[in-house]
1. For a quick check of your reading of the model, give me the residue pairs whose first member lies in the range 51-65 and is surrounded by 20 or more Cβ atoms within 10 Å (Cβ to Cβ), whose second is outside any loop (DSSP other than H, G, I, E, B) and among the basic types (K, R), with beta-carbon atoms closer than 9 Å and at least 6 apart or on different chains.
2. Among the residues of the range 73-84, are any of a type in the set (V, I, T) and within 13 Å of the chain's Cα centre (by Cα)?
3. Take H7 and decide whether it is farther than 18 Å from P77 by Cβ and touching a residue at least 40 places away in the same chain (Cβ under 8 Å).
4. Please give the number of the condition A38 fails out of (1) in contact (Cβ under 8 Å) with a residue 24 or more places away in the chain; (2) hydrophobic (A, V, I, L, M, F, W, C); (3) open to solvent by less than 30 Å² (accessible area, probe 1.4 Å).
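The values are calculated or read from the model by the stated rules, or taken from the named source; none is laboratory data. It should be emphasised that the depicted structure is a prediction, and the values quoted were computed from it without experimental measurement. Reconstructed Cβ throughout: ideal geometry from the backbone, glycine too, with neighbour counts over all protein chains shown. Please note that ligands, DNA and RNA were not included when accessible areas were found on the heavy atoms of the full protein model with its side chains. Shrake-Rupley method; radii C 1.70, N 1.55, O 1.52, S 1.80 Å.
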Amino acid sequence: MYLVHTHLELPSGKQLPRDVRALVRSAILPGDRVEHVAVHPRSTSALTLGFYVVAGALDEAEERAVRVCARLLGDVPQLSSARLTGAGVPLQPLAFGPQPVD
């Protein structure tokens, strides 16, 4: 499973709909293999979506997340003016600090 972040932005003057979480979830289909999605508004016109995707490889997971976003922007009128500004697996710092080098 991979965590893929996608970033959406609405044009200047537009605001995210109040029910953005439900709208995002409505765009996910069983074949997308998205186990969970976290919705993080960054401002009134931008949000980050965290897709937990089951996939055999990183590029496949990113492709699935981008496909869901394309569907979201194409099928949900309230978000049709938004644009996808980025997608990728977030970098994680070392969980346990630097590792000694032998």
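1. Close Cβ pairs (under 9 Å, with a partner that is outside any loop (DSSP other than H, G, I, E, B) and among the basic types (K, R)) amount to F51/R64; V53/R64.
2. no
3. yes
4. (1)
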